[in-house]
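Inspection log for the structure reproduced underneath, given as structure tokens.
The values are calculated or read from the model by the stated rules, or taken from the named source; none is laboratory data. Predicted model only: the values in this text are computed from it and were never measured. No Cβ is skipped: glycine too gets one built from the backbone with ideal geometry, and neighbour counts run over all protein chains shown.
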Amino acid sequence: MEIEAKMKIHHISLLTEDLDTNLKFYTKILGLRLVKNSVNQAFPRRRHLYYGDFMGTPGTIVTFFPINPFRKRTDVNHYWSGINFAIPRDSLIYWRDRLQNNGYKTEVDSRHVLHVVDQDGVTLQFKERDDELYDWHINYQSDIPETKQIIGVIGSTLAVPDPNKTAEFFHDLFGCQIKDNQIQLEKREHLDLVQTPLDAPEKKWGRGSVDHLALAVESTAQLHYYWEKAGENGWQRELFTDRGYFRSAYFIEPGGCRVELATTNPGFTLDESLYNLGTTLSLPPLLESEREMLTNFYAEKGINFDDVEPYTGNGYLNNRSSKPLKGEAYNDSNQ
């Protein structure tokens, strides 16, 4: 295996104020699955929710740290902004109508991109692609037809004082090509670069702030490679750690925003079966010794981590016949 990775998005992590509203929007309206019901590993008395496709595939994951109450954010001198989703071809009108019917204002621009803002003020873009979900990537617990379901995360915007320095960071460290103020990733994913005023004040974290965006690497060896490469070339390193579901290395790009590299393995079935993802308090091995304490802490707040039910079907979408499964990796015998 080549040590140089072909960079693509692994996940994006944000802050939210109202967890219940957030959970409803991302699972009931957007149709993502709650694949991990966990805690903030740095502050275990705060929760951390992971949404994604049915399997929790890297590249589909959006995560949220709730802080309540939380102030309005101020995006000024350096920040990540928004989430760009890929949706199947000929599904844009479906999504426009679905969002409007649920009380959200939408706009479709001249590029045929759908825009909507969530309850925390996060701008979401929906872009049609020729890709489609298949097999166990389809969320069989959603009421959204499989031909309309969100395919994955394909981009975000990075606003910084000096886009050239940020572009140099992504190019020289990660090997990304830069074209038309975009950091080019694999699978037609990209990150838009936007310049902020040089004299802009510091940002203020608040609801809807993006904590970081993570790019995917296949192995711990690749993670070590980029960690060492960053150190040798003077790029700012923040943290190298094991998150349990993946291993991570965090960097601060020249503009001041956090960028993570995360491995695609072991994955979210480390501690829950595919059918049971998101149905229990999930703790990485690092925090397992604190399970009883954390369970009691959250129980006192009326939180039992039973927000969603396990999947009990057999590859059918809302008990309707789905496309024939193409693989055998996740049949009933594997649960």
Does the stretch 131-147 contain any residue that is in contact (Cβ under 8 Å) with a residue 24 or more places away in the chain, closer than 22 Å to Val217 by Cα and of a type in the set (Gly, Ala, Ser)?
-> no
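Could you check how many residues of the stretch 21-68 are basic (Lys, Arg) and either within 18 Å of Gln125 (Cβ to Cβ) or without any contact (Cβ under 8 Å) to a residue 60 or more places away in the chain (or both)? Don't jump to the end; show me each part of the working.
Residues of the stretch 21-68 basic (Lys, Arg): 24, 28, 33, 36, 45-47.
Next, only the ones that are either within 18 Å of Gln125 (Cβ to Cβ) or without any contact (Cβ under 8 Å) to a residue 60 or more places away in the chain (or both) stay: 24, 28, 46.
The total comes to 3.
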Under 6 Å by Cβ, and 6 or more places apart or on different chains, what pairs join a residue from the stretch 218-238 that is over 24 Å from Gly255 (Cβ atoms) and small (Gly, Ala, Ser) with one that is surrounded by 14 or more Cβ atoms within 10 Å (Cβ to Cβ) and modelled with pLDDT under 95?
-> none
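Report yes if some residue within the stretch 308-324 is in contact with a strand residue (DSSP E or B) (Cβ under 8 Å, 6 or more places away or on another chain), at pLDDT below 95, not charged (D, E, K, R) and not in a helix (DSSP H, G or I); otherwise report no.
Yes, the stretch 308-324 has at least one match.
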Out of curiosity, is Gly208 farther than 28 Å from Ser282 by Cα, of a type outside the set (Val, Ile, Thr) and either touching a strand residue (DSSP E or B) at 6+ places or on another chain (Cβ under 7 Å) or loosely packed, with under 15 Cβ neighbours inside 10 Å (or both)?
-> no
Give the stretch 84-115 a look and list any residue that's surrounded by fewer than 20 Cβ atoms within 10 Å (Cβ to Cβ) and in a strand (DSSP E or B), or say none.
-> Thr106, Glu107, Val108, His115
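Have a look at Phe70, Phe65, Phe54 and point out the one that is outside any loop (DSSP other than H, G, I, E, B) and surrounded by 14 or more Cβ atoms within 10 Å (Cβ to Cβ).
From the options Phe70, Phe65, Phe54, the qualifying one is Phe65.
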Matching option when the condition is under 20 Å from Thr60 (Cα atoms), of a type in the set (Lys, Arg) and at pLDDT 95 or above, among Lys105, Lys127 | Lys127
State which residue is farthest from the chain's Cα centre (by Cα) when the search covers only the stretch 220-263 and only residues that are of a type in the set (A, V, I, L, M), within 14 Å of Phe174 (Cα to Cα) and not in a strand (DSSP E or B).
-> Ala230
